[in-house]
Structure formats: structure tokens, C-alpha cells
Amino acid sequence: MTFPYKLVATDLDGTLLRDDHTVSAPTREALAAATAAGAAHIVVTGRAVPWTRHILDDLGYQGLAVCGQGAQVYHAGEHKLLTSLTLDRQLAGLALSKIEAEVGPLALAASRDGLEGEVLVGPGYQVQEGPLPAVFMADPAEMWTAPLNKVYIQHPELDDDALAHAARQAVGSLVNVVMAGPGVVEILPLGLSKATGLSLAARRLGLKASDTLAFGDMPNDIPMFGWAQHGVAMANAHDDLKAVAHEITASNEHDGIAVVLEELLRTSTRA
């Protein structure tokens, strides 16, 4: 049996993870069958390593993971950070001032660099419910005292798409701006995306874009779909991602990854 792709790249939230933050048995089994058939699996997530590590450990995942929207390549088996790209803090401060000049005051959070990097949350920033740890900072100046992978922004009135669009219009030549999920608009180093991180990780495995099947659900997955040979959007995906996907599968709640992998495994068995 020859599996048609040498690399399966999966986003986490809204894609590999169900809404209760677990990975279903059918999806685990399908991924195990694909890797047994010769494919490598790489998790590609917007979460930084400290917010990803417990999920990978639970999966028994030993390989490479791309974290922080491509900023970090992490070896799960060795619990080692292989590469890490940080956001120029002076440039980020300039970008924020330009965005606020257009849309008014923002609520801020930030992801610090490193294996143990905390997520710092400023006044007014709405943190999603869940087990992920965050540190409240009463003084926004605290945000700039150590290297950062990204800055999160929220607006009291604009929705995620409108905020991301306005920010991109204001500072698109200085930094990258992505909408990564509900309530999650991020400022990243210019040129950084899941595609850049995935290409680095794939190169370490001797694999290429033409070897890659990718799954995702949000606009931050668009560059990864542009890089991969075949991009599969979940049924619950953002319309912008569905518009560029080669295929749409079932939702994350209905084992959409397993649906595609099982069909590919069946086809390769018959071939």
C-alpha cells in the first residue's frame, strides 16, 4: 500500500481537536494508519509551544510540530525548541500605534518566546474559557520586557474580520496580521506564516510542498493551503479558507480528518 502523500499537516483548534479540546478515536486511528503507510504527521498551530505541548504529549506525538503561527519548530519527542522567530518589539509598538490611530484603543495580549513563555493579558482583553494559562499584567509596559512571538489585539466594537482588515490596511507593510480564530487577531513578524514554519519542518524531514496534504479551518491556514499540494477545509471553516481549499470535509466534531484519510487509505489499498 502506498499512501499518496508523504506529509499530513494538521491545524489543531477547530481541525484536529474537537470543541472539547480532545482528539477523537477515529481521527487518532486514521492518523496512525496514514503514518504506518509511510506519511509523516506534523501539527501546525497558531498556539505557541507552552499551549501545545500537553496536547502533543497526550497524543503520544514524537515528531515535529510547527507552533506560534510558524514562529516555532518544536521537537515533541525531545521537548526541544529547534527554531524560534521573535517579533521586533519596537516595530510591534509602532504597528499598534498606527492601528489605534485608525480604529481607537485596543485591548492587548502577548505570547512570550521560549518553551515556558507565558501569555500575558492586558486590561480588557477577553481570554477564551479553557485550561490554557495566562498571566494578567496590570501595567501594559510589562508586555515589552522580554522577547515575544506575537501580540494579540481585540477591539471593543469591531468584529474579528473587520479588525484584521483594518489592521492589515494600516500596517500590512510592517507586520503580518492574521485572524486565527474567534476573538483571536494576531500581529506577527512580517513574512511569517504557517507556510514558512511548515516548509522549515518539512525540509528537516526531506519533504516538499508537493508531498503535503494539509487540513485547516481559519484564515491563518490560507498560506499553508497555498504551499501544500492539497488543502482540505473543515465544514466548520471560515469562508475565506473554504474559498481557497481544494476540498471540504466534515467538521472537526464529525471526524473530518479521518473521513479524508480513510478514503485515501482505501483508495491506496485498491491501487
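Quick query: amide H of residue 184 versus all other amide H atoms, modeled in the peptide plane; which residues come in under 5 Å with a sequence gap of 5 or more or a different chain?
Residues meeting the criterion, in which the H sits 1.01 Å from N, do not exist here.
What is the extension gain from residue 240 to residue 126, computed as 0.36 nm multiplied by their sequence separation minus the C-alpha to C-alpha distance, in nm to one decimal?
Full-extension gain reported as 38.6 nm.
By average Cβ neighbour count within 10 Å, what is the ranking of 7-16, 60-69 from highest down?
The densest-packed peptide leads the list: 7-16, 60-69.
Would you mind pulling out the separation of the Cα centroids of segment 1-71 and segment 83-139, in Å?
Cα centroid of segment 1-71 versus Cα centroid of segment 83-139: 26 Å apart.
What is the total of Lys pairs in the chain with C-alpha atoms under 29 Å apart, excluding same-chain pairs fewer than 8 positions apart?
Count of close lysine pairs: 15.
Which one, 108, 169, 136, projects farthest toward the positive side of the charge dipole computed for segment 87-186 from Cβ point charges (K/R +1, D/E -1)?
The residue sitting farthest along the positive end of the dipole is 169.
Starting with the highest mean, order 239-246, 260-267, 183-190 by the number of other Cβ atoms within 10 Å, averaged over the residues of each peptide.
Top of the packing list down: 183-190, 260-267, 239-246.
Can you compute 3J(HN,Hα) from phi for each residue in segment 138-151, using the Karplus curve 6.51 cos²θ - 1.76 cosθ + 1.60 with θ = phi - 60°, rounded to whole Hz and x for Gly and Pro?
My calculation for segment 138-151 gives 5, 9, x, 5, 4, 4, 9, 8, 8, x, 10, 8, 7, 10 Hz in order.
In the chain, what percentage of the DSSP-assigned beta bridges are antiparallel, given to the nearest 5?
Just about 60 percent of them are antiparallel.
Can you compute the label reach from residue 32? Point 7 Å from Cα along the Cβ direction, backbone N cut-off under 19 Å, restricted to segment 46-65.
55-64
Beta carbons within 10 angstrom, averaged per residue: use that to sort the peptides 146-157, 213-224, 17-28, highest first.
Averaged packing, sorted descending, gives the order 213-224, 146-157, 17-28.
Give me Rg/Rg_expected for segment 121-246, where Rg uses Cα atoms only and Rg_expected = 2.2 N^0.38 Å with N residues.
Rg over 2.2 N^0.38 Å, computed on Cα atoms: 1.17.
I want to verify the translational diffusion coefficient of segment 87-186 in µm²/s; compute it with Stokes-Einstein, Rh as the Kirkwood radius over Cα pairs, at 10 °C and 1.306 mPa s.
Approximately 116 µm²/s, per Stokes-Einstein.
No value in this document is a laboratory result; all are computed from the given coordinates. Remember, predicted model here, so these are calculated numbers, not experimental data. Note that each Cβ is placed from the backbone with ideal geometry, even for glycine, and that neighbours are counted across all protein chains shown.
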